[in-house]
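Here is the structure we will look at.
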Amino acid sequence: RNCSTSQRNKVETPSPLDFTHTRITFITHVIWENLDDEGDEMRPCEILEEDPDSEESSQGDDGVYHSKYLTHVDPETRNVPKPAPNYSTWYMTTHRAASTCAIFSGDGKYAATGSADASLKVLDTSKMNSRSDEDRPVIRTLYDHLAGVNDLSFHPNGLVLASCSDDQSIKLFDLSKPGVKRSFRYLQDTHIVRSIAFHPSGDYILAGTDHESIRAYDVKNFQCFTASTVPADLHRGGITKVRYSTNGSQFVTSSTDGSIKVWDAVNGRCVTTIENAHDGTIVSSVKFSKTGKYILSGGRDSVARLWEAISGRMVLQYEGATHKNNTLQTTFTYNEDYVLSSDEVNNTIVCWDSRTGKCLKRWSGHANIIRCIAASPTEPGFISC
């Protein structure tokens, strides 16, 4: 069982161990005997402007120059794999039931986790990093869902946290008000909501449900927009994950039908479809690289894959982690040097070199299936739950 108000407007619509590198924050979710931690003030995100397309490069420990993010991956190029990173556990906490999802705010100052027990926790990463017995990293515990939480998304300002659940709802929590534990707005769908993502502008929230149509909601009035209704554009099964690109011009979706689709976020049309992305099995997770050039996916064929976003061509495979029966997550580390996922057979975290596909290391410590790994956007830390 790891990892762990105000006016509400309803809108109807049709274990032990864990790790991290150098400065590392690796979490598994504990029920604190007395959570007297609801009064910390949260401040808006201050995200430094950076150009993900920059060709800035740096010399790694292997003596080879690497671009800042994934700008060019060529399997034919004999890149020297990077040394395996060293991670150590900095903090652990628990929910009352299995932890299901985790995410960091855009500036990396806060993290949140969701659980099958229907609760959410918000954590201060600086308090996790301090490793002081006096600091309590859990600064909010939120209760408003009636069933397990499936996904989370921080608003770009860092003061609103959205969650979605098996109870078919999306809920928004105002984190700027200490002591408030219930959502201030919520939306009731007609299907289980599996995944959500705020647009980088904060004006819209994307939602993927057990229905094949993608929804986008105006955050101010929760007016619902659907992506293309052209049959060829649609998935043929429920949506498992939705994620925007860094600049918000596109979004990517994965489905139980085994496909990955890239969409134009302005006109809602599908621009790229990757059929049978994981040999016809369910695609569990997808996300863009920071440049938007690549898509990283994980599926129930036990192989993570890197794709060109425009052409849909597979570039690289990351093999060695069993993923057959559960919905698990695959992600990049903050600088995209490494790919992280989990192995459902031995409950380990698996790390690959992102540019060569070489499996570098495994870490144990969890007593059960690791459903989610969320990497900090600003430092070499990550959460596992």
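Values computed for the structure shown
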item	result
Debye, to nearest 20: dipole size of the stretch 260-311, +1 on Lys, Arg Cβ, -1 on Asp, Glu Cβ	220
Residue list for the stretch 361-385, given a label point 7 angstrom along the Cα-to-Cβ vector of GLU319 and an amide N cut-off under 19 Å	361-362
Dipole of the stretch 202-284, positive end: most advanced residue of GLY237, GLN250, ASN221 [Cβ charges, Cα centre]	ASN221
Residue-by-residue Karplus 3J(HN,Hα) for the stretch 140-155, coefficients 6.51, -1.76, 1.60, Hz, glycine and proline x	9, 10, 10, 9, 7, 8, 9, 8, x, 8, 9, 7, 9, 8, 7, 4
P(r) histogram, all alpha-carbon pairs of the stretch 142-209 included - 5 Å bins from 0, percent	4, 19, 31, 25, 16, 5, 0
Spread of Cα-to-Cα distances over 10 Å intervals beginning at zero, given as percent, for the stretch 128-245	13, 42, 30, 11, 4, 1
Selected from VAL149, ALA98, SER176, residue furthest toward positive end of dipole (the stretch 82-229; charges at beta carbon)	SER176
Extended-chain gain in nm, criterion 0.36 nm per residue less alpha-carbon gap, VAL271 and HIS191	26.2 nm
Label zone at ALA97, where the point sits 7 Å out along the Cα-to-Cβ direction: the stretch 189-232 residues whose backbone N lies under 15 Å	193
Too-long pairs where the Cα-Cα distance tops 24 Å, listed order kept, from LYS171/LYS287; LYS177/LYS241; LYS121/LYS241; LYS261/LYS293; LYS261/LYS358	LYS177/LYS241; LYS261/LYS358
Estimated FRET transfer efficiency when R0 is 51 angstrom, pair ASN221-ASN86 (beta carbons, to 0.05)	0.55
Column: log10 I(q)/I(0), Debye, Cα scatterers of the stretch 341-385, q = 0.18, 0.25, 0.26 Å⁻¹	-0.56, -0.97, -1.01
Within the stretch 80-208: Cβ-based charge dipole about Cα centre, in debye rounded to nearest 20 (Lys, Arg +1; Asp, Glu -1)	180
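Rule-based calculations on the coordinates, nothing more; no lab input. Computed from a prediction, not measured in an experiment: that's the story for all the values here. Cβ coordinates were reconstructed from backbone atoms using ideal geometry, including for glycine residues, and neighbour counts include every protein chain displayed.
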